[in-house]
Amino acid sequence: MDLKKVIRDVPDFPNPGILFKDITPLLENPAALEDAVGRLTEPFLSRKIDSVAGVESRGFIFGALVAARLGVGFLPVRKPGKLPRETFREEFQLEYGASAVEIHRDALGSGPRILVVDDVLATGGTAAATGKLVQRAGGEVISMAFLIELAFLEGRKHLPGFDIHSLLQY
Ligand code: AMP
């Protein structure tokens, strides 16, 4: 299936100059969702993964579905102030603005081998911060998997040493 057909470009959202990749048509389409999750999961079926970490908010959707396919648990990487127990926090620059992400300090109880999942790799700031969080919590980032890579933003440059997978490149 050509998943690019179910991803809508929305110009100037949320800020002028940003071409937003709207994945809601993909989510609404059962065959597309099945295909996307299957292809995101496939490279990791034969690798030992202890948990999937997904980044709020759209990384929760794909991350949790990938975790269920792999038969492992899901670790939410959240915006500040949302997680109830003690956390690690990493600040970073976004394609539009600055932000921070947090993970529970004791999140890696199922083991250290973590797959990071998000919908879009843009500048790489979110993924780099997430990788640091996993490492601070005692984990090893086995790989990072994205539905969409905005290759022209060169996010991979912010992720040296990480194994990066993406299904769709723009
Ligand atoms: P970045 O930290 O720049 O790699 O941005 C990645 C995060 O921001 C992802 O969690 C995406 O959901 C979101 N994001 C950034 N740019 C876009 C875009 N052009 N379209 C849709 N989502 C985006």
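The values are calculated or read from the model by the stated rules, or taken from the named source; none is laboratory data. Just so it is clear, the structure is predicted and the values come from calculations on it, not from any experiment. Glycine gets a Cβ as well: all are built from the backbone with ideal geometry, and neighbour counts include every protein chain shown. These area figures cover heavy atoms from the full protein model, side chains too; ligands, DNA and RNA do not enter into them. Shrake-Rupley method; radii C 1.70, N 1.55, O 1.52, S 1.80 Å.
Brief remarks on what is shown
- Ranked packing of 6-13, 35-42, most packed first, by mean Cβ within 10 Å: 35-42, 6-13
- Counting lysine pairs in the range 1-139 whose alpha carbons fall under 21 angstrom apart, excluding pairs fewer than 8 residues apart on the same chain, gives 6.
- Span from the the range 75-141 Cα centroid across to the the range 149-164 one, whole angstrom: 16
- In this label model, residue 157 and residue 47 are separated by 2.5 nm, measuring between points 7 Å along each Cα→Cβ vector.
- Portion, in percent, of the accessible area of the chain that falls on carbon or sulfur, probe 1.4 Å: 52
- With the simple spin-label model, which puts each label point 7 Å out from Cα in the Cβ direction, the residue 105 to residue 69 separation comes to 3.5 nm.
- Whole-number accessible area per residue in Å² for the range 47-169, which is evaluated in the context of all protein chains at 1.4 Å: 44
- Cα-Cα separations in the chain greater than 29 Å, expressed as whole percent: 15
- Separation in nanometres of the label points that stand 7 Å from Cα toward Cβ, at residue 2 and residue 34: 2.1
- Rounded to the nearest 20, the Cβ-based charge dipole of the chain about its Cα centre (Lys and Arg +1, Asp and Glu -1) stands at 380 debye.
- Largest GNM mean-square fluctuation across 19, 33, 159, computed for the chain with C-alpha springs under 10 Å, falls on 19.
- Computed over the chain with a Gaussian network model linking Cα atoms closer than 10 Å, the most mobile of 112, 76, 43 is 43.
- Bridge type composition, the range 22-139 - antiparallel percent by DSSP, nearest 5: 50
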